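Have a look at the structure below, then the notes.
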């Protein structure tokens with residue numbers, strides 16, 4: 001009835017039990033339960049939907065892991081950041097992060113199915129992305145120093161967008177090299193070039 005009055009779906013409302021009531025004896029002396037229902041803001045509904053989607057996906061994958069909302073307004077994703085931890089973490093990352101990227105894609109599809117404004121959800125498994133981006137930044141600086149000393153450009157292997165971005169950010173303030181992305185689709189790479 002509350003969902004009908006608020007014109008909201010179940011995942012768009014929050015229900016709080018104020019008083020559980022009493023069953024009474026044969027219906028005598030019983031008291032009705034009291035609840036409070038409120039409609040979630042679009043942001044809260046997005047968080048709820050994302051967390052529920054991740055939990056459901058983990059349950060269906062039959063992995064032992066738990067998801068935690070790390071940041072409701074992550075700068076990198078422009079939306080939510082959710083970290084997953086548990087015994088089966090390695091399975092969730094996959095080869096070069098492919099399983100993690102696929103899970104993130106599926107969660108974003110689910111969360112944004114009926115939304116008016118797009119909500120980006122960034123998934124991470126035990127800070128894998130942070131560690132990967134740190135390692136990429138260090139590697140990019142080593143390559144940049146080699147490019148600076150030889151004056152020869154170096155093109156890195158193909159990378160997904162978030163990893164290319166990590167390289168660009170790591171070298172954004174480098175005094176002697178510039179970076180650019182080249183190629184199409186999954187073959188996009190970062191080229192590190194000497195400044196002219």
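Per-structure values
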quantity	calculated
Set 154, 190, 111: member being surrounded by 19 or more Cβ atoms within 10 Å (Cβ to Cβ) and more than 30 Å from residue 47 (Cβ to Cβ)	190
Members of the range 90-139 found to be under 16 Å from residue 61 (Cα atoms) and under 12 Å from the mean Cα position of the chain (by Cα), listed by number	100, 101, 102, 103, 104, 105, 106, 107, 123, 125
Filter pass, residue 178 being free of Cβ contacts under 8 Å to residues at least 60 places away in the same chain and either surrounded by 13 or more Cβ atoms within 10 Å (Cβ to Cβ) or assigned to a loop (DSSP other than H, G, I, E, B) (or both)	yes
Residue in the range 148-170 that is outside any helix (DSSP H, G or I) and closer than 30 Å to residue 55 by Cα present	yes
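Coordinate-derived values only; no laboratory data. Keep in mind the model is a prediction, meaning the values are calculated, not measured. A quick note on method: Cβ atoms are made from the backbone with ideal geometry, for glycine too, and the neighbour counts reach across all protein chains shown.
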